[in-house]
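The values are calculated or read from the model by the stated rules, or taken from the named source; none is laboratory data. Because the structure is predicted, anything quoted here is derived from the model rather than measured. Don't worry about glycine lacking a Cβ; one is built from the backbone with ideal geometry, like all the others, and counts go over all protein chains shown. Heavy atoms of the whole protein, side chains included, go into the accessibility calculation; ligands, DNA and RNA do not. Shrake-Rupley method; radii C 1.70, N 1.55, O 1.52, S 1.80 Å.
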Amino acid sequence: MTESLREAPPQTRASETLDPQNWGDIRALGHRMLDDMIDYAANIRNRPVWQPIPDHVRAHFRAALPRSASELGDVYREFTDFIVPYTTGNVHPGFMGWVHGGGTAVGMLAEMLAAGLNANLGGRDHIPIEVERQIAEWMRQIFGFPHGSSGIFVTGTSMANLMAVLVARTTALGKPVRQRGIAEDGALLTAYASTAVHGCISKAMDIAGFGSDALRHIQTDRFHRMDLDALHERITRDRVAGFKPFLVVGSAGTVDIGAIDDLHALKSLCCEQGLWFHVDGAFGALGVLAPALAPRLAGIEHADSIALDFHKWGQVPYDAGFLLVRDGDRHRDSFAAPAAYLRRETRGLAANSPWPCDLGPDLSRGFRALKTWFTLKTYGTERLGAVITRSCELAEYMKERILAEPRLELMAPVQLNIVCFRYRADNADQVNADIVIDIQESGIAVASTTLLQGQLAIRAAIVNHRTDTSDIDALLSAVLEFGRQRCSSCDRVPLIEPSPPLAM
Ligand SMILES: *Cc1c(COP(=O)(O)O)cnc(C)c1O
C-alpha cells in the first residue's frame, strides 16, 4: 500500500470508536466464523434440510432491546445455536421446495469482502461501480442486446419487474408522467401476461398505480405457454373498448412448472402493436448459458427489458436481482432525478455520471455486483451453464422415475427444472398437502405444492447445484412412504378436517 499522506492521528480513546480494543481477538474469532461457515457448506448433507422451530428458539427473538454491550463471542454463540439450525434449507441439496438458489462458498467469501469495503453503489467515482457496469456489459453480451443498453442490480426479480413496468409506463406516457402522475391517460393503460405469470407482476401493476386489474391474464396452451390467439383477441377487444395496451410480459420459466413463452412470437406481436416487451426471466433467463436450453429462449434478445436473478440458477448468495433495459436512455428517463446534493462533476469523486441511482429508486445500494463478479469469474459461464443443464437432466430423471411408479402421477409436462406430480389417492389434494408437510418436518427433503387445473400437485424445483440423483431418490421414497402411511390411516381416521380459518 502507498505510504500514508496523513500525519498519524492522535491516540483516540478506544471507547469512542466501534473498532475492537484488540484486533487480535476479533481476528481469531473471525477466522473461527469463517471455518464454521465453510464447514457448514461442506457438511450440509449431515443436517436436516429444514426443521420446525421450537418455541424456546422463537422466544429467543422476542428479547428486550440490548442497551448495553455484549461479548461478540457470546452473540456468535447465539447465532450458532439459535439461527444456523433454523434456516429455510436452500443450501441443502435436498431443498427443492421453491425456486431458491444454493449459494456457494465463493459467493459467501465475496459477500464478506464486499461488507469489508462497505461500498455505497448509489453513485460517485469508484471501482465498485465499474464492477457493476462490467456485469451489465456481460449481460448485454449474453442476451445479445445492443450497445447503449443499461443494467442494474436490485434486490430481486420482483423489484426488477416493477422497474420494467415503470420504464414501460414512462415510454408509453412520456416523461411528463413523472411530474403529473398517470392521470386519465394512464388509467386506461393495460398490460398482458399469461395466467402462469409470477404474482409480482400484478403487484407491480398495483404499485405503479394502474391497479392489478389492468393486468390481463391470458390463458395458456397445453404446454403452459401464453396462448397467442387469446392474447391477440384480448388486445383487440381492449382497444375497441377504449383501453390503451402498453406492455406484454413474457415468462422465461414460469414459477409453477418452468414453461417458456414463445418469446419470438410475443416480440413480433409487440412490434406490430407498438407494445413494450418485457421478459420475466427470474430463473429461466440464465438458461442462455446452457447450450441445450438457449435455443428455447430464442427471442429474448429482442426484448425491451429482461428481469433476472443471479440468486437462483446463478447460485449467487441472496440477494442479487438484475434488470437489463435495451434502451438505456429510456431507463434513465424513468428514474434520473436531479438533486443539489447529488451534483455531478467531470473530475473528483462526484464524476462518473450517470450513476446507478439514475437507473432505479434506490440511492444507497450495496455491492451485490461483487459476489456476482466473483461467481462469474471463478466458475465461468460454461460451468454455471453446466449446472443449469444438470438441473434439467435431474428433472428428467425424476420424471422417468415418476412415470415408472404406478403410485405416482405426473401433473404437468417437465420442460425445464420443475417437476409437478402427486401420490395417487382418494382425497388426493389433502393427502398430498399432508405428504409435503410430513416430508418437510422429517428433514429428509423439502418440496412445496402448487395448484394445476384446480388440483394440488407436489412441486419439486431443482435449482441447487449440489442436488444429485440420491436427493431425488430420497424425496420420491419419502413421498411413497408418507403416502402409504397417510393412506393406511385414511381407513381409520375420518378424512374431513375442518378447514382452517382464513388468514387475515
Ligand atoms: C422468483 C421469481 C420471481 C420473483 O423474484 P424474486 O427474486 O423472488 O423477487 C419472479 N418471477 C419468477 C418467474 C420467479 O421464479
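Assorted remarks:
- The one condition from (1) more than 28 Å from the chain's Cα centre (by Cα); (2) assigned to a strand (DSSP E or B); (3) of a type in the set (Gly, Ala, Ser) that Gly242 does not meet is (2).
- Subset of the stretch 213-239 [in contact (Cβ under 8 Å) with a residue 12 or more places away in the chain, assigned to a helix (DSSP H, G or I) and more than 30 Å from Thr155 (Cβ to Cβ)]: Leu228, Ala230, His232, Arg234, Ile235, Asp238
- Here Thr254 does not fit the description of being away from the ligand (no atom under 14 Å from the Cβ) and either buried (at least 23 other Cβ atoms within 10 Å of the Cβ) or over 24 Å from the mean Cα position of the chain (by Cα) (or both).
- Breaking point among (1) within 17 Å of the chain's Cα centre (by Cα); (2) under 30 Å from Glu272 (Cβ atoms), for Lys371: (2)
- Selection status of Ile444, within 28 Å of Phe310 (Cβ to Cβ), in contact (Cβ under 8 Å) with a residue 60 or more places away in the chain and among the hydrophobic types (A, V, I, L, M, F, W, C): no
- Between Ala119, Ala168, Ala196, the distinction of being more than 16 Å from the ligand (Cβ to nearest atom), within 24 Å of Asp262 (Cα to Cα) and crowded, with 17+ Cβ neighbours inside 10 Å belongs to Ala168 only.
- Flag if His278 is in contact with an Asp or Glu (Cβ under 8 Å, 6 or more places away or on another chain), closer than 22 Å to Arg234 by Cβ, in the same structural domain as Met139 (by TED's automatic domain parsing) and within 16 Å of the ligand (Cβ to nearest atom): yes
- Residue in the stretch 202-214 that is β-branched (Val, Ile, Thr) and either under 25 Å from Thr450 (Cα atoms) or open to solvent by less than 20 Å² (accessible area, probe 1.4 Å) (or both) present: no
- Residue match in the stretch 182-193 (condition: more than 27 Å from Ala298 (Cβ to Cβ), within 14 Å of the ligand (Cβ to nearest atom) and open to solvent by 30 Å² or more (accessible area, probe 1.4 Å)): no
- Among residues of the stretch 8-33, those that are open to solvent by 60 Å² or more (accessible area, probe 1.4 Å), modelled with pLDDT of 75 or more and part of a loop (DSSP other than H, G, I, E, B), counted: 4
- Residue ID - most open to solvent (accessible area, probe 1.4 Å), chosen from residues in the stretch 257-284 that are under 19 Å from Thr171 (Cβ atoms) and hydrophobic (A, V, I, L, M, F, W, C): Cys271
- Here Val177 meets the list (1) without any contact (Cβ under 8 Å) to a residue 24 or more places away in the chain; (2) open to solvent by 50 Å² or more (accessible area, probe 1.4 Å) almost entirely, failing just condition (2).
- Inside the stretch 34-53, residues that are in a helix (DSSP H, G or I) and open to solvent by less than 60 Å² (accessible area, probe 1.4 Å) make up a count of 6.
- Tally, over the stretch 64-101, of residues that are assigned to a loop (DSSP other than H, G, I, E, B) and open to solvent by 80 Å² or more (accessible area, probe 1.4 Å): 9
- Of the candidates Thr467, Thr450, the single residue that is modelled with pLDDT of 95 or more, at negative phi and open to solvent by 10 Å² or more (accessible area, probe 1.4 Å) is Thr450.
- Of the residues making up the stretch 304-336, those that are in a helix (DSSP H, G or I) and open to solvent by 10 Å² or more (accessible area, probe 1.4 Å) are Asp329, Arg330, Arg332, Asp333, Phe335.
- Flag for Met139 being within 16 Å of the ligand (Cβ to nearest atom) and out of contact with any helix residue (DSSP H, G or I) (no Cβ under 8 Å at 6 or more places or on another chain): yes
- On inspection, Leu297 passes the criterion of being buried (at least 20 other Cβ atoms within 10 Å of the Cβ) and in the same structural domain as Phe246 (by TED's automatic domain parsing).
- All positions within the stretch 318-338 that are closer than 12 Å to Gly360 by Cβ and either within 16 Å of the ligand (Cβ to nearest atom) or of a type in the set (A, V, I, L, M, F, W, C) (or both): Gly321, Phe322, Leu323, Val325, Phe335, Ala336, Ala337
- Taken over the stretch 144-158, residues that are surrounded by 22 or more Cβ atoms within 10 Å (Cβ to Cβ) and within 16 Å of the ligand (Cβ to nearest atom) amount to 5.
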